[in-house]
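First up is the structure itself, then whatever we jot down about it.
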Amino acid sequence: MRSNLSFLNKVLLLSVLLSLLIKYGGKLLPLNATSTTAAIAVVVPTLIMAAILGWRARRFSITGNAQRQLWEQREPSSRESGL
């Protein structure tokens, strides 16, 4: 449970930092104020976070499957042992 909270805190911190970067750092970039630029500024951080979370979920999913397969190899199921 503690590791989940730690991960959520990291995601929240990264999200806040990206938001601040967009809000205050955007003024320093010489960009035209168009709807396309605004859409890109809103969508790109979301896509970055989705990619990071998707990569992490996939990594833990693969790890979980490997651990389950190792466990099944060590412990035969009750169906195989005739119980």
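A Cβ distance below 9 Å, combined with a sequence gap of six or more or placement on separate chains, defines the contacts here; from region 25-49, residues that are over 23 Å from Leu13 (Cα atoms) reach residues that are not polar (S, T, N, Q) in the pairs Leu31/Ala41; Thr37/Leu31.
Residue-by-condition table, conditions (1) assigned to a helix (DSSP H, G or I); (2) charged (D, E, K, R); (3) modelled with pLDDT of 80 or more:
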residue	(1), (2), (3)
Leu21	yes, no, yes
Leu31	no, no, yes
Ile52	yes, no, yes
Ala57	yes, no, yes
Asn65	yes, no, no
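The values are calculated or read from the model by the stated rules, or taken from the named source; none is laboratory data. This structure is a prediction, so every number in the text was calculated from the model and none was measured. We place every Cβ from the backbone using ideal geometry, glycine too, and count neighbours over all the protein chains shown.
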